[in-house]
Every structure is written in C-alpha cells, then in structure tokens.
Amino acid sequence: QVQLVESGGGLVQPGGSLRLSCAASGLTFRSYTLAWFRQAPGKEREFVAASIWPNGRTVTSDSAKGRFTISRDNAKNTVYLQMNSLKPEDTAVYYCAANYGSANVRPGAFEYWGQGTQVTVSS
C-alpha cells in the first residue's frame, strides 16, 4: 500500500520560510518522479516543482523559481520543498505526488497523492 504523508505546513508571515516534507512508503522511491503541487481555494491544482526520474533533475514553476527548492533523500524515502520569501499568493494546500518511471509532470500522470498540508502566508 503506497502512502505519501506531507508535513511542515502552517501559518507564516510574508517573507518567511517553511520546509515541507513528504514521507513515502510502499514504493521503490528512486524509481519515481516526485513532485509538489498546490491548490488555492477556487483555483485549479498547480504544478510547483519536481525531482524527475531517473536522475533527479529538478524543474520549478515560474512562480516558484528562485524562491522554492525541491530536494529528495532516497535513503529516507522523503522529498522536501524549501520555500523562502513566501508571499500571500503562495497560500494553498500543498500536495506531494509520485509518478512511476516517467518524466511527465502533468497532474494526470501521477498515480499517488498525499493528503495535503495547508500553507497560509499572512501578516
């Protein structure tokens, strides 16, 4: 049974930082593309960043570039999202997702999703 469990969300002031974690179990972690998506109220789910199979190459959305960094620890079966210089428009539920043996980062390509963690950026 595959599980992805996110943690690290919370309330932060504009300009602050958070690090999200996603612990995976029940899968061969290094065989997956791992990604972070987010969804704000009333908006569609949006790609944030990915660590792409097979070599872990990273890609980041334009809105997150220069502020967010994705990383993965294959020994711990965990993927991280370091978020710096947070803005109110970053407020959303953040989801991690896993896609077996593919470099496709479209949401429909991901087989497994976590339950999400809320990030709220507000003063």
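The numbers here are math on the coordinates, done by the rules we state, and not lab data. No experiment lies behind these values; they were computed from the predicted model shown. Because the Cβ atoms are built from the backbone with ideal geometry, glycine has one as well, and the counts that use them run over all protein chains shown.
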- Which residues does a label at Q39 reach in region 85-101, if reach means a backbone N under 15 Å from a point 7 Å past the Cα toward the Cβ? 92-98
- To the nearest 20 debye, the chain has a Cα-centred charge dipole, built from +1 on Lys and Arg Cβ and -1 on Asp and Glu Cβ, of 220 debye
- Enumerate by residue number the trypsin sites (Lys or Arg not before Pro) in region 21-55 meeting two conditions: DSSP loop (anything except H, G, I, E, B), and at most 16 other Cβ atoms within 10 Å of the site's Cβ. K43, R45
- Within 10 Å, count the other beta carbons around each residue, average over each peptide in 14-24, 53-63, and list them highest first. 14-24, 53-63
- Message: Output wanted: per-residue J couplings in Hz (rounded whole) for region 18-24, from phi through Karplus 6.51 cos²θ - 1.76 cosθ + 1.60, θ = phi - 60°, x for Gly and Pro.
- Response: 9, 10, 8, 10, 9, 9, 10
- Message: Loop by DSSP (not H, G, I, E, B), at most 14 other beta-carbon atoms within 10 Å: where is the longest site-free stretch of the chain for GluC sites (Glu not before Pro)?
- Response: 45-110
- Taking only the Cα positions of region 4-66, the convex hull volume per residue in Å³ is 117 Å³
- Mind listing the phi-derived Karplus ³J(HN,Hα) values for region 74-89, rounded to whole Hz, using 6.51, -1.76 and 1.60 with θ = phi - 60°, and x for any glycine or proline? 5, 6, 9, 6, 9, 10, 10, 9, 8, 10, 10, 6, 5, 10, x, 6
- Message: Let me check against my output: what whole-number percent is the relative contact order of the chain, with C-alpha pairs under 8 Å and at least 6 apart?
- Response: 36 percent
- Unit charges at the beta carbon, dipole of the chain: most positive-side option, A64, T91, G42: A64
